[in-house]
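The values are calculated or read from the model by the stated rules, or taken from the named source; none is laboratory data. As the structure is a computational prediction, the values presented were derived from the model and not from experiment. Note that each Cβ is placed from the backbone with ideal geometry, even for glycine, and that neighbours are counted across all protein chains shown. Ligands, DNA and RNA are stripped out before the accessible areas are found, and what is left, the full protein with its side chains, is counted by its heavy atoms. Shrake-Rupley method; radii C 1.70, N 1.55, O 1.52, S 1.80 Å.
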Amino acid sequence: EKFAAVTALPYEKQAMRFLDAFWDDGLQEEAENVWTQVQAISQVDSKGGEGTDVDEFEAHKFLEALGETLTILELRERLRKIDLDNNNRMSMAEYLLFRYEKSVHDLVTRESSGRKKELEKAAALVDEAQTALDELHAREEEQKKAEEAARQKEAEQKAAEDAARKAEEDAHAKEAVAKQEEESLRQKENAARAAQEDVQKTLDELKAQEQAYNDKITQLEQASTEGNVVQRGRAANELQQLKSEDPLPLQRAKISQEASVRKAKKATAEAEKQTGVAKQASDEAEQGRVEAQARTKDAEEATALAQEAVAQCEE
């Protein structure tokens, strides 16, 4: 019953009772370690410092916190030895008795050493130190989280920068293809225009020949009615010879050449249209490349800021 009363106390009071009972047995040198153990068991217990004992899972975490990593079988064997009241739970008093090889009988029968105030003061100092340590750990954890967040942000910005750079490279390639296509179509347009000019020149020559033929007939018809007999006769003979020539080849050539001119004009117009479409695509590709470059620059600046944030976290 006396031991049950001790194990029913909060962890800190169990430890104080233990130290009070065994202070003169060398435990004064272990006081700081005992308070560390009290803090450790309080942290694994959902009730915190108000708890009295822990289950197997919490005991495992407690022992790990003290650097006593055990397998499940080792843990259960250890708990079997520690669990003095056989309730399948571990109290602070049970652990301390096992750890420092002290007896339950001495714990419950020894008179108080009269050091209660001294122990309470020591406990308070340890609590203060532990609070300061917890605050330091909390700040370190916050700093760690801030650094992790900054690194995550840096990684995201770097990925965004890589994506922007890839998009810029794609835009460059697209622009190059568009400009190459534009240049190819422009060359075709120039070739079509040159062909049109050639057939137009040939047509103009045929028309000139036809006009010269018609002008010559008009001239001879007029000459055959003017001047003396000899002059009129000469003009009439020449007119007759000229009219006896077949004009159909010239006319057919002119008609065929006119058709060629129309075809060449149509080909030139189509080439101009295709070049215009290619020029628009080239302009759009160029604009896309400019916008991609701007996005890359923005991404580079964002990455630089993220890197600065990481550097500040590391300082």
Do the conditions hold for Leu9, that is, is it among the aliphatic types (A, V, I, L, M) and either surrounded by fewer than 16 Cβ atoms within 10 Å (Cβ to Cβ) or farther than 26 Å from Glu120 by Cα (or both)?
no
Going by the structure shown, is Thr218 of a type outside the set (Asp, Glu), in a loop (DSSP other than H, G, I, E, B) and modelled with pLDDT of 85 or more?
no
Out of all the residues in region 32-55, which are surrounded by 15 or more Cβ atoms within 10 Å (Cβ to Cβ) and not β-branched (Val, Ile, Thr)?
Trp35, Gln37, Gln39, Ala40, Ser42, Gln43, Asp45, Gly49, Gly51, Asp53
So in region 218-258, with the set limited to residues that are under 27 Å from Lys201 (Cα atoms) and among the small types (Gly, Ala, Ser), which one is surrounded by the fewest Cβ atoms within 10 Å (Cβ to Cβ)?
Ser256
Working carefully through the options Gln143, Gln157, find the one that is polar (S, T, N, Q) and buried (at least 18 other Cβ atoms within 10 Å of the Cβ).
Gln157
Selection from region 259-287 of residues that are among the aliphatic types (A, V, I, L, M) and surrounded by 14 or more Cβ atoms within 10 Å (Cβ to Cβ)
Val261, Ala264, Ala267, Ala271, Ala278, Ala281, Ala285
Residue list for region 160-171, restricted to those being open to solvent by less than 90 Å² (accessible area, probe 1.4 Å) and either more than 30 Å from Glu270 (Cβ to Cβ) or out of contact with any helix residue (DSSP H, G or I) (no Cβ under 8 Å at 6 or more places or on another chain) (or both)
Ala160, Glu161, Asp162, Ala163, Ala164, Arg165, Ala167, Glu168, Asp170
Quick check on region 17-34. Is at least one of its residues assigned to a helix (DSSP H, G or I), under 50 Å from the mean Cα position of the chain (by Cα) and closer than 16 Å to Phe98 by Cα?
yes
Filtered residues of region 199-215 (kept if open to solvent by 60 Å² or more (accessible area, probe 1.4 Å) and touching a residue at least 12 places away in the same chain (Cβ under 8 Å))
Lys207, Gln209
Residues that are assigned to a loop (DSSP other than H, G, I, E, B) and surrounded by fewer than 17 Cβ atoms within 10 Å (Cβ to Cβ), drawn from region 85-109
Asp85, Asn86, Asn87, Asn88, Tyr100, Glu101, Ser103
Every residue in region 56-74 that is assigned to a helix (DSSP H, G or I) and either over 48 Å from the mean Cα position of the chain (by Cα) or surrounded by fewer than 19 Cβ atoms within 10 Å (Cβ to Cβ) (or both), please.
Glu56, Phe57, Glu58, Lys61, Glu64, Ala65, Ile72, Leu73, Glu74
List every residue pair whose Cβ atoms lie under 6 Å apart, where the two residues are 6 or more positions apart in sequence or sit on different chains, the first residue falls within region 277-306 and is touching a residue at least 24 places away in the same chain (Cβ under 8 Å) and of a type in the set (D, E, K, R), and the second residue, located anywhere, is open to solvent by less than 90 Å² (accessible area, probe 1.4 Å) and in a helix (DSSP H, G or I).
Lys279/Glu182; Glu286/Glu175; Arg289/Ala171; Arg289/His172; Arg289/Glu175; Arg295/Ala164; Glu300/Glu161
Residue by residue through region 201-217, note down the ones that are β-branched (Val, Ile, Thr) and closer than 14 Å to Pro247 by Cβ.
Ile217
In region 178-192, which residue that is open to solvent by 80 Å² or more (accessible area, probe 1.4 Å) and in contact (Cβ under 8 Å) with a residue 60 or more places away in the chain is nearest to Lys265 (Cα to Cα)?
Lys188
